[in-house]
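Some notes on the structure that comes next.
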Amino acid sequence: MLKEVFSLVLSLYTLLYQTIVPCLEPEMLSVNAIDRQKHLGTWYFKAAVSHREADIQKFRVLDNIVFTMEERANDTLLLTGHMRMGDNCIKQTWTYHINLESNDLELEGRPQRKNLLWSGKWAECSECIIFQEIEPPLDKEKGTEDSLHRHMLYSRSSNSSDIVATFLKNAACHDMQANVTPRQEKACLYPVFLLPPQPVAADGPAPP
């Protein structure tokens with residue numbers, strides 16, 4: 001009973017606070033207009049938020065996540081993730097295609113997923129980027145809620161507790177209360193690009 005009362009009071013306080021202090025709106029980046037070279041190289045995963053736990057649950061088993069972004073030929077980006085889970089290191093790659101007539105990225109193999117880029121405004125961080133993933137309802141006739149909807153914060157720096165707190169606060173203001181941050185207990189051995197890697201030629205090697 002006490003827990004329910006506390007939850008109600010907290011909800012009322014949040015509503016009152018949002019009325020007095022409006023939520024900070026994020027700033028979208030158009031993927032077909034940004035400086036791609038500026039966004040290549042190493043990114044540290046710092047946090048994920050969503051309206052529901054199911055969308056971010058898979059991040060809870062990971063200790064540490066680092067990504068590298070490379071540009072391939074024909075408006076293609078290759079994202080390589082190095083993830084630590086317990087005593088195991090996992091490497092995974094994702095290929096994204098840039099459509100010059102669209103503001104989002106197309107994930108190869110998942111054309112139904114909408115992938116949007118946002119500036120680090122929500123984290124008050126100029127060296128951060130926020131990646132949003134959205135998938136439509138599995139059955140549009142039975143419901144209108146997206147089957148996937150989450151925001152993920154990435155930073156150029158491995159040490160960034162202050163920006164994570166700011167990101168979580170602004171996300172919560174938009175009713176994204178579910179959140180997760182990597183434990184950072186262990187890391188995998190991975191190549192860190194101090195400078196963005198050079199684009200691969202059209203006849204270069206295939207993605208790993």
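At-a-glance table
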{"read-out": "Label-reachable residues, segment 56-78, where backbone N falls under 18 Å from a point 7 Å from THR93's Cα toward its Cβ", "value": "66-78"}
{"read-out": "Table column - 3J(HN,Hα) (Hz), segment 160-176, Karplus curve with 6.51, -1.76, 1.60, x for Gly and Pro", "value": "7, 5, 5, 5, 5, 4, 5, 4, 5, 5, 6, 5, 5, 5, 9, 6, 9"}
{"read-out": "Estimated vicinal HN-Hα couplings, Hz - segment 41-52 in sequence order (Karplus 6.51, -1.76, 1.60; Gly, Pro = x)", "value": "x, 8, 9, 9, 6, 10, 5, 9, 9, 6, 6, 9"}
{"read-out": "Most to least packed among 23-31, 172-180 [average Cβ atoms within 10 Å]", "value": "172-180, 23-31"}
{"read-out": "Those GluC sites (Glu not before Pro) in segment 40-103 that DSSP places in a loop and that have at most 10 other beta carbons within 10 Å", "value": "GLU101"}
{"read-out": "14 Å reach of a label modelled at LEU100, 7 Å along Cα-to-Cβ, counting backbone N of segment 76-94", "value": "76"}
{"read-out": "Once the Cα gyration tensor of segment 57-165 is diagonalised, semi-axes √(5λ) in Å", "value": "24, 19, 17"}
{"read-out": "Distance violations [Cα-Cα > 18 Å] among LYS58/LYS91; LYS46/LYS121; LYS121/LYS169; LYS38/LYS58", "value": "LYS38/LYS58"}
{"read-out": "Kirkwood Rh and Cα Rg combined as Rg/Rh, segment 41-115", "value": "1.00"}
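Readers should treat all values here as calculations from the given coordinates under stated rules, not as data from a laboratory. The model shown is predicted, which means the values in this text are computed figures rather than measured ones. Note: ideal-geometry Cβ built from the backbone for every residue, glycine included; neighbour counts use all protein chains shown.
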